[in-house]
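Heads up, the thing below is written out as structure tokens.
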């Protein structure tokens, strides 16, 4: 057996901070009222995290890169046919990869729709002034109903998968905490050095600046 660094520190921090933020977003949305101020700020944090993950998916550690786990037909066929290689499952297995990509897409849609949402009570997204009232209404409907249901469904599916794999004696949580995985044969280890962590911090700063710029568009649109 070989112990290999699979998940670099930036990926692990992204995963757990995103998890906490999503839970907090659901809670604040249900509470409503003054909690919506926190809901809005958490939405900006998730927006920043998603942009960071998009960038990190191209330059991050080996198993964090989209190319390493994208569920190609070949990988899916091997996995479903019981012929998966160690490289197919060292990071996200093909089914897990589908779940991860779906979660990123759904959260992206949820954040995007939230920027244009207005509940006409206590919450108004920063970009509502840039679109028509009809568009605001449609995006608000998506954000508060279907988008929320999809997020909850994917979170529950994710938790269920963790439980199922745990029953099959495969620990998915441990490696996402410590970074290392014990595998039957060696695979490429993820880069996880001080240099890569500084790069991740710089990319996080870029992502935060982009979010700030997007939010400011709404302020300029309202003044215009």
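A few notes on this one:
- Here 74, 57 are screened, and the one residue that is part of a helix (DSSP H, G or I), without any contact (Cβ under 8 Å) to a residue 24 or more places away in the chain, farther than 17 Å from residue 175 by Cβ and within 16 Å of the chain's Cα centre (by Cα) is 57.
- Taken residue by residue, the stretch 78-99 has no member that is surrounded by fewer than 19 Cβ atoms within 10 Å (Cβ to Cβ), under 22 Å from the mean Cα position of the chain (by Cα) and either without any contact (Cβ under 8 Å) to a residue 24 or more places away in the chain or not in a helix (DSSP H, G or I) (or both).
- Residue selected from the stretch 123-143 under the condition assigned to a helix (DSSP H, G or I) and in contact with a helix residue (DSSP H, G or I) (Cβ under 8 Å, 6 or more places away or on another chain), by the criterion farthest from residue 31 (Cα to Cα): 130
- Pair list, Cβ < 7 Å and 6+ apart or interchain, from the stretch 153-164 residues that are within 14 Å of residue 95 (Cα to Cα) to residues that are surrounded by 13 or more Cβ atoms within 10 Å (Cβ to Cβ) and modelled with pLDDT under 90: 162/172
- Here residue 120 does not qualify as more than 24 Å from residue 30 (Cβ to Cβ) and part of a loop (DSSP other than H, G, I, E, B).
- For the stretch 183-191, the criterion of a residue being part of a helix (DSSP H, G or I) and touching a helix residue (DSSP H, G or I) at 6+ places or on another chain (Cβ under 9 Å) is satisfied by no position.
- Pairs are defined by a Cβ separation below 8 Å, a sequence spacing of at least 6 or placement on different chains, a first member in the stretch 167-194 that is in contact (Cβ under 8 Å) with a residue 12 or more places away in the chain and on the phi > 0 side of the Ramachandran plot, and a second member that is buried (at least 16 other Cβ atoms within 10 Å of the Cβ) and part of a loop (DSSP other than H, G, I, E, B); the pairs so defined are 179/6; 179/7; 179/8; 179/190; 179/192.
- Residues that are in a helix (DSSP H, G or I) and loosely packed, with under 13 Cβ neighbours inside 10 Å, drawn from the stretch 8-40: 16, 20, 23, 30, 31, 37
The values are calculated or read from the model by the stated rules, or taken from the named source; none is laboratory data. A quick note: this is a predicted structure, and the numbers were derived from the prediction, not measured. FYI the Cβ positions are ideal-geometry reconstructions off the backbone, even for glycines, and counts take in every protein chain you see.
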